[in-house]
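Student: What follows is a single structure, and I will ask about it in a moment.
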Amino acid sequence: MFDYIALFMEYLTVELGLSPNTKLAYERDLRLLQKALKLENQEELLTVSRKELLDYMTELKEQGRSASTIARKLASIKAFYRFLTSERYIKRDPAEVLEAANKGLQLPKVLTLREVEELLDAPNLGTLEGYRDKTMLEVLYATGMRVSELISIPMGNVDLKMNYLIARGKGSKERVLPLGSIAVKYLTRYLDIVRPQLLKEGSKDVQELFLSTWGKAMTRQRFFEIIEEYGKQAGIAKKITPHMLRHSFATHMLNNGTDLRVVQELLGHADISTTQIYTHMDMERLREVYSKAHPRA
C-alpha cells in the first residue's frame, strides 16, 4: 500500500524545491483532510469525490475558520490531487474546479502608483545611506522580490550588462528577474561609488549586494525600519512594509495586462493559486468602480 502523501512530499522536495516549513504545512493539511473524511487508509484518498471535498471546505467555514486558512488548505488539496492526476494514480482530479470562497478574504494591501512614486522619491540621494535605500527600493519594486531575497543577493548574481539579477527564493530555488532601466541606473552608481564607501576594514569579503552603515550585510529587521520611516516621510497613511511593494508590483503588472503565468514566474510562486489572489484584488477594484458608476448597481 502506497503512502501517497509521502510520495507527494518527495515530489515537493525534488521537483519544486519547497522549503521544509512549506512541506510541513502541506502534509499537515492533507493529514487533517484524511482524518476529517474518516479515511482508514491512503488508498481511500484516491476515491475522494468533489462533493466530499466541497463538504469539507463548507465544514471549515462553518467552524469559523478564516478565509485565508481555508484558501491555504484548498491550495494544499488542489496541489496534491493535481500531482496524483499527473502521475496517473487517478484519472480525474476531484479538486480541479473547486475554488475557495473569497468572502471576507484578507487581500494584500497595496500602494497606488502615486504612493509608490512618493515612497521611491523619499530617500536623500545626497547621502550614502539615502542612495543605497533608493537603490534597494527601486530594485524591490522593479522585481517584486521578497525582502529575504533582496538582502541576500550576492554580488555575482547581478548582471548590469544584460539587465537582470538572479534571486534565490524558497527552497533555494533560483529565478532570473529582469531589471528596468531606472533600477539599472541606480544600481550602476551604487556599485561604482556608494557600495565601496560603505565597506569597512575587515568587511572587504562581504559578498551581499546591499550593505548596512557598518559595512555588513543589510538585515531584514533594519530594512523594515527603513521602509517604514520613508513611508512616514512621504506622508503615506498606510504602514509600509517591504512585502507591500511586492504586492504592488504584482497588482500593477496584472492591471497593465501582464499574463498571470508571467507574474507567477516573476514572484517565484510554486502554485499559480497563490498568484491568483491578485486577480481577486483586481476584481474588487472592478466591483468598486462598477458600483459607483452603474445607475442600478
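Student: When only residues in the range 226-267 that are part of a helix (DSSP H, G or I) and of a type in the set (Asp, Glu) count, which is nearest to the chain's Cα centre (by Cα)?
Tutor: That would be GLU265.
Student: Could you figure out which of (1) open to solvent by 40 Å² or more (accessible area, probe 1.4 Å); (2) closer than 30 Å to GLU44 by Cβ isn't true of ALA79?
Tutor: (1)
Student: Is there a residue being closer than 16 Å to LEU245 by Cβ and open to solvent by 70 Å² or more (accessible area, probe 1.4 Å) anywhere in the range 144-162?
Tutor: Within the range 144-162, not a single residue is closer than 16 Å to LEU245 by Cβ and open to solvent by 70 Å² or more (accessible area, probe 1.4 Å).
Student: Is it true that some residue in the range 183-196 is assigned to a helix (DSSP H, G or I), within 30 Å of THR279 (Cβ to Cβ) and modelled with pLDDT under 90?
Tutor: Looking for residues that are assigned to a helix (DSSP H, G or I), within 30 Å of THR279 (Cβ to Cβ) and modelled with pLDDT under 90, one finds none in the range 183-196, hence no.
Student: For the range 110-126, how many residues are β-branched (Val, Ile, Thr) and open to solvent by 40 Å² or more (accessible area, probe 1.4 Å)?
Tutor: The number of residues fulfilling the criteria is 1.
Student: Is the range 233-241 home to any residue that is under 15 Å from GLY130 (Cα atoms) and in contact (Cβ under 8 Å) with a residue 12 or more places away in the chain?
Tutor: Yes, the range 233-241 contains a residue that is under 15 Å from GLY130 (Cα atoms) and in contact (Cβ under 8 Å) with a residue 12 or more places away in the chain.
Student: Quick one: which residue in SER291, SER273 is at pLDDT 65 or above, polar (S, T, N, Q) and surrounded by 18 or more Cβ atoms within 10 Å (Cβ to Cβ)?
Tutor: Exactly one of SER291, SER273 is at pLDDT 65 or above, polar (S, T, N, Q) and surrounded by 18 or more Cβ atoms within 10 Å (Cβ to Cβ), namely SER273.
Student: Restricting to the range 21-32, name every residue that is surrounded by 14 or more Cβ atoms within 10 Å (Cβ to Cβ) and without any contact (Cβ under 8 Å) to a residue 40 or more places away in the chain.
Tutor: LYS23, GLU27
Student: Checking ALA270 against (1) outside any helix (DSSP H, G or I); (2) farther than 19 Å from SER68 by Cβ; (3) in contact (Cβ under 8 Å) with a residue 60 or more places away in the chain: exactly one of these is not met. Which one?
Tutor: Result: ALA270 passes all but (2).
Residue by residue, here is whether (1) farther than 21 Å from LYS91 by Cα; (2) within 27 Å of the chain's Cα centre (by Cα); (3) open to solvent by 80 Å² or more (accessible area, probe 1.4 Å); (4) among the charged types (D, E, K, R) holds:
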| position | (1), (2), (3), (4) |
| --- | --- |
| ALA6 | no, yes, no, no |
| TYR11 | no, yes, no, no |
| VAL14 | yes, yes, yes, no |
| SER19 | yes, yes, no, no |
| GLN34 | no, no, no, no |
| LEU39 | no, no, no, no |
| GLU43 | no, no, no, yes |
| THR47 | no, no, yes, no |
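Student: What are the residue pairs meeting all of these: first residue in the range 83-111, first residue outside any loop (DSSP other than H, G, I, E, B), second residue of a type outside the set (Ser, Thr, Tyr) and modelled with pLDDT under 70, Cβ atoms under 6 Å, and 6 or more apart or on different chains?
Tutor: none
The values are calculated or read from the model by the stated rules, or taken from the named source; none is laboratory data. From a predicted model like this one, the values you see are computed outputs, not experimental measurements. So basically every Cβ, Gly included, is an ideal-geometry build from the backbone, and we count neighbours across all protein chains shown. Accessible surface areas use protein heavy atoms only, side chains included; no ligands, DNA or RNA. Shrake-Rupley method; radii C 1.70, N 1.55, O 1.52, S 1.80 Å.
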